[in-house]
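One structure is given below, encoded as structure tokens.
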Amino acid sequence: MRRGLLSWDKEEAPVVALEARVARCQSALSDAGLGCLVVYTNFPRPSAVSWLTHFVPYWSQAVLLVFPDGMPMLVASLTPRVGPWIASVSHLGDITHTPDTGGGAARLIADRCSDGARVGVVELNGLPGGIAIPLAAGIGNSRLEDAGALFADLRDPADEVEIALSARAAEIASAALEAGIAASADGSGAVNSAIESTARHAGAEDVLIHLAPDLAASSRLERIEGEAALGERFAVQASVAYKGHWVRELRSICANEPADWPAAKAGFDAVLAEMRDGNAPGDAQIWLIEGNIGTRPLSVLGSHENIGDRALRKGTVRVVSLQYDLADGPWVAGRSVVI
Amino acid sequence: MVNDMSKAIHDVRSARLAGVVADHGWDALVLYGNAWQCDYLRYATDYVCIEGNAIAVAVKDGGRRLFVESPLEAGRAETECPWLDVSWSPDAVSAAAAFLDGLGNRKLASAPATLMPYGLIRGRRGEEMEDAGPAIDALLLAKADIELDAIRRAATFADRGYQVFMDASRAGRAQFEVVADVEAFFRAEGCPENFMIMGSGGQEVRGMTPAGERRLQVGDLVTTELTPCVDGYYAQLCRTLVIGEPSQPQLDAHDVYLEAEAAGISVLRAGVTASEVARAENDVFRRHGLGEYTTNAYTRVRGHGVGLFVDTKPHILEDVDTVLPAGATVTVHPNTYHPEVGYMVLGDTSIVTEDGSECLIETPRKLLSAPG
């Protein structure tokens, strides 16, 4: 659950930048002949609406309606009491509060669009039934179409604000991991606590912490409940959100570093350099590229099994995680990079 | 790593769920969860979703499939829940839909209906799928003893967490710094999850929100609800404190909340409705001429269930007729705006018993104060 700082600094995320994104979206809508774009948001899927408006819900759900002109409108199941807070942290037009989010959206679309106008929905298949069914009933199922690809194209390339806020998130993740690693002699709880404290005091919106407690045995990352014994080698990952922008950093830790780890680190640095030039990770046994192209903070865009066509687009912010299977066990790392 | 206690609770839940599935003659149960609400999914699988969509399909005599959206989630699910057959796809909804298509003409049920992805319920499949929600809601509501033990442990965390909150609440500190201290405490103690919102200020404050940058000041009312989670189960505590010494108007106002919460808790027992609990709370406000502040213009609910979700059914409202059985766990909280001093909160999680209730929170029920 979201529990860190949620605020809008208009110097970090200027109105003009948000309006430019909305204008980009409206232009794409017109080009596609769509009368409206419906964008869902809730706590685990805040990213598309956040990118357009800076709004991140901490509770409940909402849909954003973007029409070919005018300010985006929010239809939220949050009660009107929360309206002033929403307005204080986001750049929006009208906010409609209704428990019937789908029906409310359908009525606004009917008011603004001509009969028969096509309506795009970002990730239509993922829209919750409680919204999708009344929306489809209100405007006609045949008028709804998936607009996930249309929206994903809007995210390439990232603008300066996205790159700067992602960089800030990466700084926070790095500092938090440093603090966590420094506390590791006191166990997994101390690692988690130090990461949490450092990230949140630095203004993180959210932080997710995963550990591979005994890297010699397994590189699988877990969420630790209770206390886990840390092996001589362990891995720790911090996924950090700052003002709606998510990154991850993953590190392998060993007090007495094995002989082949420096070469692995050099290999990872080389991968980052290659990716900045638009090339896929080279010789890692397992790798993954994630990015923000839809409602989820980070979506899988490519892997060692399938390099997707969006994974390495120039000017985008991506997170790469990889694993080298070394002679005496796995070594893992991950960071964000601008392609 | 399999959490042994969580696994033990899972075994109890699995047996109860199997009975419900058999009673209804369902061939497969489809359950959805995400990081916001994962209670139905966790009940059936013990898996807690942290990122993306997650869909479980429990097939009668055919194992339990889990569809998630990243290898990170899949690896964690396989490690924490080895009884699941896990697969990942960037589009877990389509992967699950294809699996359901492969089941052929079987009797399917799903829950929760409101969150079930459109890709799984559109068209004929959705029309033929039964709503498993009411049957699973009954399981979520009347908890087994082993589930109640987890909620007791969560309540202990809530008490300890509130002490950290009090220690962190000092004039000059920003809201988000206070939250950082509380969350760091929970992580240090191995508590992986907590939901909290807060408010600070005076008469101008109308509710609680996520932490902002506002710095606490002497005289502020500082409100929070803490909701830590243990083995998947939440317990909630709501308290109001004052930075510095409380004023007489603040104390007088808080007395109304004390009276209202006590009234709500006093009617808790097996067989009572959520409506009766809400009415008991609201009658106190009405007696004090504050009935207007029990409406949704000023307050969302007068309490709610807690369990595998922070804010589960039933909502404690005068128009909710859900009967509370023994083993239900509810937070009674007459949180609302007070026109003289601002927004105040007071709430405690209790277990409903045959002849009353067992309050799980030990933090004193009074208007607390922190040094200025």
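The values are calculated or read from the model by the stated rules, or taken from the named source; none is laboratory data. What you see is a predicted model; the values in this text were computed from it and never measured. All Cβ positions, glycine included, derive from the backbone under ideal geometry; neighbour counts span all protein chains shown.
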| field | Within segment A:121-142, tally of residues that are buried (at least 20 other Cβ atoms within 10 Å of the Cβ) and either away from chain B (no Cβ under 14 Å) or among the aliphatic types (A, V, I, L, M) (or both) | value | 10
| remark: For B:R152, the lone unmet condition from (1) among the basic types (K, R); (2) assigned to a loop (DSSP other than H, G, I, E, B); (3) under 18 Å from the mean Cα position of the chain (by Cα) is (2)
| message | Residues to consider are A:L92, A:L52, A:L64; find the one that is among the aliphatic types (A, V, I, L, M), touching a Lys or Arg at 6+ places or on another chain (Cβ under 7 Å), away from chain B (no Cβ under 11 Å) and free of Cβ contacts under 8 Å to residues at least 60 places away in the same chain. | response | A:L52
| task | Could you pull out the residue among A:V240, A:V191 that is over 17 Å from A:N292 (Cα atoms), within 14 Å of chain B (Cβ to nearest Cβ) and not hydroxyl-bearing (S, T, Y)? | result | A:V191
| task | For A:I293, work out the one condition from (1) more than 12 Å from chain B (Cβ to nearest Cβ); (2) within 19 Å of A:S47 (Cα to Cα); (3) among the hydrophobic types (A, V, I, L, M, F, W, C) it doesn't fulfil. | result | (1)
| task | Answer yes or no: is there a residue in segment A:162-182 that is more than 26 Å from the chain's Cα centre (by Cα) and either at negative phi or buried (at least 20 other Cβ atoms within 10 Å of the Cβ) (or both). | result | yes
| request: List the strands (runs of 3 or more DSSP E) that sit entirely inside segment A:98-214 and contain at least 1 residues that are more than 30 Å from A:P330 (Cβ to Cβ). | output: A:118-121, A:144-146
| said: Within segment B:49-59, does at least one residue satisfy the condition of being on the phi > 0 side of the Ramachandran plot, in a loop (DSSP other than H, G, I, E, B), at pLDDT below 95 and buried (at least 22 other Cβ atoms within 10 Å of the Cβ)? | reply: yes
| request: Tell me which residues, restricted to segment B:75-96, are at the interface with another protein chain (Cβ under 8 Å from one of its Cβ atoms), part of a helix (DSSP H, G or I) and of a type outside the set (S, T, N, Q). | output: B:G75, B:R76, B:E78, B:E80, B:V93
| field | Residues located in segment A:311-339, provided they are surrounded by 19 or more Cβ atoms within 10 Å (Cβ to Cβ), farther than 29 Å from A:P213 by Cα and among the charged types (D, E, K, R) | value | A:R313
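Every residue, every condition in (1) touching a Phe, Trp or Tyr at 6+ places or on another chain (Cβ under 8 Å); (2) of a type in the set (G, A, S); (3) surrounded by fewer than 20 Cβ atoms within 10 Å (Cβ to Cβ), yes or no:
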site	(1), (2), (3)
B:M208	yes, no, no
B:E213	yes, no, yes
B:V230	yes, no, no
B:Q250	no, no, no
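Rundown of residues vs (1) under 23 Å from the mean Cα position of the chain (by Cα); (2) farther than 17 Å from A:E196 by Cβ, yes/no style:
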site: B:D167; (1), (2): no, no
site: B:V182; (1), (2): yes, no
site: B:R214; (1), (2): no, yes
site: B:G219; (1), (2): no, yes
| query | Is it fair to say A:V15 is among the aliphatic types (A, V, I, L, M) and touching a Leu at 6+ places or on another chain (Cβ under 6 Å)? | reply | no
| field | Matching residues in segment B:60-75 - criterion: being among the aliphatic types (A, V, I, L, M) and surrounded by fewer than 20 Cβ atoms within 10 Å (Cβ to Cβ) | value | none
| query | In segment A:156-188, how many residues are charged (D, E, K, R), out of contact with any Gly (no Cβ under 8 Å at 6 or more places or on another chain) and under 23 Å from A:A13 (Cα atoms)? | reply | 5
| Can you tell me which of B:R215, B:R206 is in contact with a helix residue (DSSP H, G or I) (Cβ under 7 Å, 6 or more places away or on another chain), farther than 21 Å from A:D206 by Cβ and within 14 Å of chain A (Cβ to nearest Cβ)? | B:R206
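Filtering segment A:212-228 down to residues that are facing chain B (nearest Cβ under 10 Å) and of a type in the set (A, V, I, L, M), which residue is surrounded by the fewest Cβ atoms within 10 Å (Cβ to Cβ)?
A:A228
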| note | By residue number, the members of segment B:76-90 that are crowded, with 18+ Cβ neighbours inside 10 Å and over 26 Å from the mean Cα position of the chain (by Cα) are B:V86, B:W88, B:P90
| message | Can you tell me which residue is surrounded by the fewest Cβ atoms within 10 Å (Cβ to Cβ) among those in segment B:105-135 that are assigned to a loop (DSSP other than H, G, I, E, B) and more than 9 Å from chain A (Cβ to nearest Cβ)? | response | B:N105
| said: So if I check each of B:F186, B:F195, B:F176, B:F165, which one is more than 10 Å from chain A (Cβ to nearest Cβ) and either part of a strand (DSSP E or B) or crowded, with 24+ Cβ neighbours inside 10 Å (or both)? | reply: B:F165
